[in-house]
Each structure stands twice: as structure tokens, then as C-alpha cells.
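Visitor: Structure incoming, see below.
The values are calculated or read from the model by the stated rules, or taken from the named source; none is laboratory data. None of the values given here were measured: they were computed from a predicted structure. Glycine also receives a Cβ, built like all others from the backbone with ideal geometry; neighbour counts cover every protein chain displayed. We work out accessible area using only protein heavy atoms, side chains counted, and drop any ligands, DNA or RNA first. Shrake-Rupley method; radii C 1.70, N 1.55, O 1.52, S 1.80 Å.
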Amino acid sequence: MPVSASAIYFLNLRGDVLINRLYRDDVGGNMVDAFRTHIMQTKEMGTCPVRQIGGCSFFYMRISNVYIVIVVSSNANVACAFKFVVEAVTLFKSYFGGAFDEDAIRNNFVLIYELLDEIMDFGYPQNLSPEILKLYITQEGVRSPFSSKPSDKPVPNATLQVTGAVGWRREGLAYKKNEVFLDIVESVNLLMSSKGSVLRCDVTGKILMKCFLSGMPDLKLGLNDKIGLEKESQLKSRPAKSGKTIELDDVTFHQCVNLTRFNSEKTVSFVPPDGEFELMKYRITEGVNLPFRVLPTIKELGRTRMEVNVKVKSVFGAKMFALGVVVKIPVPKQTAKTSFQVTSGRAKYNAAIDCLVWKIRKFPGQTETTMSAEVELISTMAEKKSWNRPPIQMEFQVPMFTASGLRVRFLKVWEKSGYNTVEWVRYITKAGSYEIRC
């Protein structure tokens with residue numbers, strides 16, 4: 001459930017109330033005394049930001065030399081409460097010129113009271129966007145002498161943005177060249193056995209956009225996800241096109257996405273914010289295309305020698321290439337000397353992390369390369385303990401490749417003036433937790 005805050009207090013480090021606001025009558029005005037006595041005057045102040053005293057819960061956070069305390073009398077969403085505090089501080093800083101401390105609060109009592117009435121109603125968070133609130137709370141705060149000068153941007157039709165469905169975008173934007181940049185960025189998480197079998201694998205991805213569009217455009221994004229293609233074929237009364245489809249899991253959208261239209265048509269329709277933003281996040285657990293396969297062989301030759309052989313094969317297309325490939329092979333702490341033979345890149349021993357580090361600047365697709373190393377260990381008189389081999393770790397970045405197979409089928413931009421747009425689409429796959437047992 002939402003926050004449903006009963007009161008919010010701003011205290012200095014001594015526990016004095018700088019400013020407070022009661023939103024409900026289910027708590028008394030002396031709740032701050034309980035906070036001082038049971039929390040501030042004990043040694044448990046920094047141990048846990050959530051405390052329960054009697055029938056009330058206290059959520060508190062220290063910002064500079066100010067404690068912000070939210071008091072609730074019911075079961076509330078703690079994460080939502082702290083999110084509210086962080087965004088409220090960002091809002092105050094935008095009015096105070098970047099400063100938020102005891103002096104800024106004392107110098108801006110009237111403005112803070114006005115903002116507290118707008119950003120929370122009967123204990124429930126409301127709009128905390130500085131761009132929107134500045135449209136109708138035009139009073140300027142007492143700014144710090146070190147803060148930057150505020151920029152004056154004329155924003156027409158404030159009422160539409162405050163009450164309408166496009167509060168994240170202001171009207172009147174105009175660009176000489178209308179462009180849309182879309183990046184699909186994926187991270188591959190893998191745990192592979194030493195024989196090459198996959199033990200665990202998933203992909204986490206996000207779609208990042210940067211829009212420089214005039215007016216109030218309406219964008220429609222089509223992906224090759226299974227549900228969306230099936231819904232489109234039903235609406236058009238024709239069979240779905242052949243080709244790879246994927247199933248997206250755990251999808252979350254930016255607030256600009258029309259969820260009603262997505263639920264009915266399974267298309268991503270939205271009026272984008274101006275500039276850069278994250279459109280959506282997703283996860284995929286099936287049908288993952290691994291960009292690399294790693295086959296390690298490690299032999300311990302007695303107490304003082306090891307042989308390490310690692311073969312890395314790129315599985316993506318021959319016309320593609322990976323950048324910044326790094327393979328980290330763990331070795332025992334008592335490593336004394338190493339020698340290498342590599343078919344590509346450079347390798348060295350890094351004593352700080354107890355790893356053989358093999359770096360390849362550019363790795364073409366459909367190729368394989370190997371590294372062989374001889375490791376000499378320090379001989380000790382102590383009884384040799386069995387070495388628990390940590391997994392090999394890998395880092396890389398593959399442009400124009402997606403491990404999930406996700407593709408943009410279309411990106412349509414409609415605006416009433418009918419201007420032409422330029423769309424740019426880019427794919428990037430990175431290593432998340434890419435580990436191979438050895």
C-alpha cells in the first residue's frame with residue numbers, strides 16, 4: 001500500500017523541530033518527543049532507519065545536518081516512503097539553488113509549507129516533479145550564494161501539464177532536426193560448467209531513448225516479442241509472420257507508456273519526455289544466445305606447478321566483433337612466476353586479485369583463440385590445503401548483438417504538424433555475471 005503518512009518532521013541534529021506538517025489526526029503532536037527519547041538519545045540512531053514505538057512507525061533519513069522523519073500509524077510501504085523523501089529533497093534543492101540544510105529550511109519556511117501541501121495530500125504522495133511544480137508555485141526560495149543562477153524557460157499551458165496525462169513533457173518544444181535515438185542494452189548473466197554445459201543463464205535488458213522532437217509527438221514501438229506479434233495478427237486477422245519471437249519477463253515501463261493500450265493491443269505507445277530517459281526494463285530466461293563459450297583446462301602438477309589452458313570461442317555472427325574482452329582466471333595466492341602463450345591479445349598475472357588477466361581489444365565473430373600458461377607456486381613447509389577453484393570471470397561488450405534476440409520491428413513517430421524524423425537504433429550486449437567453473 002502507499003505511504004499514508006500521518007506526519008512529517010524536519011529536525012536538526014539536536015532534535016529541535018525546524019518545521020513539521022500533520023496530514024492526519026491519528027497521531028498526537030508529541031510524537032517527535034518519542035523520536036527524540038527512544039531514537040535520537042540512544043546509540044541505535046544509525047543502526048536502522050525504521051523504528052516502531054508503540055503503535056506508530058518512524059521512517060527517518062539524515063540529509064546534511066537535517067533529519068527528515070515520517071510518522072505512520074498503519075502498515076505502509078517503506079520503500080515508497082524513502083523514495084518520497086529523496087524526491088522531496090531534490091525538489092527543495094531545485095528551489096533553494098542546490099542547498100538543503102538547516103539554514104536553507106530556516107530561510108524558506110513559507111515556501112516549504114506551500115510545497116508540503118502540494119506534494120502530499122492526506123498522507124499520500126502527489127506530483128514531486130520540480131519542472132511541473134515550478135509552473136504554478138513560482139515563488140523563488142532564498143538561494144545559496146554558491147548556487148547557480150536558475151534558468152528561465154517559458155512553459156505554456158501549465159494547467160495541462162499539472163492536471164493532464166503528459167506531466168513529464170512541456171509544450172512548445174521546437175527543434176530544427178527531429179531525431180530519436182534508441183538503445184537496447186543487455187547484460188548476460190551466466191554460470192557454465194567446465195565442460196561447457198549451462199547451469200544458469202538469464203538476460204536483463206533495458207531500452208534507453210533520447211528524443212529531440214518538436215511539439216507533442218506520439219510514438220509507437222514494435223518489438224519481436226511473442227505476445228505482441230500474436231495480438232497484432234489477431235487484430236489484423238492474418239497469420240503472424242515467421243521469424244524468431246521472444247518472451248519477455250518482468251517488464252516495467254516508464255510512466256509515459258500508455259498501459260491501457262499496451263494491455264489491449266500489446267504495443268508500446270507513449271508521448272516521450274524531452275531528452276534522455278529509460279523506456280522499459282525486462283528480463284529473459286529462455287532462448288538466450290550466448291556470445292562466448294569458454295573451455296578451461298587446469299592441471300595441478302605436484303605442489304609447485306600448474307598448467308592453465310583456456311579456449312574462448314565467439315558464437316555471434318562473423319560480421320560482428322566484441323570490444324574490451326577480459327578473461328580473469330583465478331590462481332592460488334602462492335603464485336610466484338607465470339609464463340604465457342596467447343594466439344590473440346595480451347596476458348599477465350595480477351597479484352592484487354590473484355588472477356591471470358587475458359585482454360583482447362577486438363574479438364571477431366565465429367573465431368576462437370587460446371591462452372596457455374605455466375604457473376610456478378611457492379613451495380611451503382606447511383601442509384598443503386586443497387585449493388577451491390573460483391570460477392573464471394569474463395567481461396566484454398558486443399555492439400549490434402542481443403543475447404535475447406530482441407529486435408525493433410518498427411518505431412513510428414506521429415505529430416500533428418507532420419514533420420519528418422530520423423530514427424537511430426543501436427544494440428549492445430555486455431557481460432553481467434559471466435562465470436565459468438574450472
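Visitor: Which one of 76, 99, 34 is part of a helix (DSSP H, G or I), of a type outside the set (Asp, Glu) and open to solvent by less than 50 Å² (accessible area, probe 1.4 Å)? Let's see the steps before the verdict.
Guide: Details: 76 fails: part of a helix (DSSP H, G or I); 99 fails: part of a helix (DSSP H, G or I).
Going through 76, 99, 34 in turn, just one is part of a helix (DSSP H, G or I), of a type outside the set (Asp, Glu) and open to solvent by less than 50 Å² (accessible area, probe 1.4 Å): 34.
Visitor: Take residue 342 and decide whether it is aliphatic (A, V, I, L, M) and more than 26 Å from the chain's Cα centre (by Cα).
Guide: Details: aliphatic (A, V, I, L, M): yes; more than 26 Å from the chain's Cα centre (by Cα): yes.
It is true that residue 342 is aliphatic (A, V, I, L, M) and more than 26 Å from the chain's Cα centre (by Cα).
Visitor: A further question on this structure: Scan segment 102-113 for residues that are part of a helix (DSSP H, G or I) and open to solvent by less than 70 Å² (accessible area, probe 1.4 Å) and jot them down. Write out each step before concluding.
Guide: Keep residues of segment 102-113 that are part of a helix (DSSP H, G or I), which gives 102-106, 109-113.
Of everything in segment 102-113, those that are part of a helix (DSSP H, G or I) and open to solvent by less than 70 Å² (accessible area, probe 1.4 Å) turn out to be 102, 104, 105, 111, 112.
Visitor: Identify the residue in segment 417-426 that is farther than 14 Å from residue 219 by Cβ and either touching a residue at least 12 places away in the same chain (Cβ under 8 Å) or within 26 Å of the chain's Cα centre (by Cα) (or both) and, among all such residues, is surrounded by the most Cβ atoms within 10 Å (Cβ to Cβ). Write out each step before concluding.
Guide: Kept after step one, since they are farther than 14 Å from residue 219 by Cβ, are these residues of segment 417-426: 417-418, 420, 426.
Subsequent filtering for residues that are either touching a residue at least 12 places away in the same chain (Cβ under 8 Å) or within 26 Å of the chain's Cα centre (by Cα) (or both) retains 417, 420, 426.
On the way: 417: 9, 420: 7, 426: 13.
Going through the qualifying residues, I end up with 426.
Visitor: Here's something else I'd like to know. Starting from segment 400-414, keep only residues that are more than 22 Å from residue 323 (Cβ to Cβ), then list their pairs with residues that are small (Gly, Ala, Ser) whose Cβ atoms are within a distance under 6 Å, requiring at least 6 positions of separation or different chains.
Guide: Short answer, once both residue conditions are applied: 409/222; 410/222.
Visitor: Of all residues being of a type in the set (Ser, Thr, Tyr) and surrounded by 14 or more Cβ atoms within 10 Å (Cβ to Cβ) in segment 382-416, which is nearest to residue 193 (Cα to Cα)? Just the residue, please. Break it down stepwise before answering.
Guide: Going through segment 382-416, the residues of a type in the set (Ser, Thr, Tyr) turn out to be 386, 402, 404.
Restricting the remaining residues to those that are surrounded by 14 or more Cβ atoms within 10 Å (Cβ to Cβ) gives 402, 404.
Values: 402: 23, 404: 21 Å.
The qualifying residue nearest to residue 193 (Cα to Cα) is 404.
Visitor: Which condition number in (1) surrounded by 19 or more Cβ atoms within 10 Å (Cβ to Cβ); (2) at pLDDT 85 or above; (3) farther than 27 Å from residue 132 by Cα is the one that residue 49 fails?
Guide: (1)
Visitor: Follow-up. Can you name every residue in segment 315-355 that is touching a residue at least 60 places away in the same chain (Cβ under 8 Å) and farther than 30 Å from residue 427 by Cβ?
Guide: In the first step, residues of segment 315-355 are kept if they are touching a residue at least 60 places away in the same chain (Cβ under 8 Å); the result is 316-317, 320-330.
The answer is 330, and nothing else.
Visitor: Restricting to segment 331-369, give me the number of residues that are among the hydroxyl-bearing types (Ser, Thr, Tyr) and surrounded by 15 or more Cβ atoms within 10 Å (Cβ to Cβ). Before you say what the answer is, go through the steps one by one.
Guide: Taking segment 331-369 as the starting set, the residues that turn out to be among the hydroxyl-bearing types (Ser, Thr, Tyr) are 335, 338-339, 343-344, 349, 367, 369.
Within this subset, residues satisfying the condition of being surrounded by 15 or more Cβ atoms within 10 Å (Cβ to Cβ) are 335, 338, 344, 349, 369.
Selection size over segment 331-369: 5.
Visitor: Here is a further query. Take the residues of segment 1-31 that are open to solvent by 50 Å² or more (accessible area, probe 1.4 Å) and within 32 Å of the chain's Cα centre (by Cα): which is farthest from residue 103 (Cα to Cα)?
Guide: Per the criteria, the residue is 1.
Visitor: The conditions are (1) more than 28 Å from residue 189 (Cβ to Cβ); (2) under 39 Å from the mean Cα position of the chain (by Cα), and residue 374 fails exactly one of them. Which is it?
Guide: Tallying (1) more than 28 Å from residue 189 (Cβ to Cβ); (2) under 39 Å from the mean Cα position of the chain (by Cα), residue 374 fails exactly one: (2).
For (1) aliphatic (A, V, I, L, M); (2) surrounded by fewer than 18 Cβ atoms within 10 Å (Cβ to Cβ); (3) under 19 Å from residue 185 (Cα atoms), each residue gets a yes or a no:
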position: 264; (1), (2), (3): no, yes, no
position: 284; (1), (2), (3): yes, no, yes
position: 288; (1), (2), (3): yes, no, yes
position: 293; (1), (2), (3): no, yes, no
position: 298; (1), (2), (3): yes, no, no
position: 309; (1), (2), (3): no, yes, no
position: 312; (1), (2), (3): yes, no, no
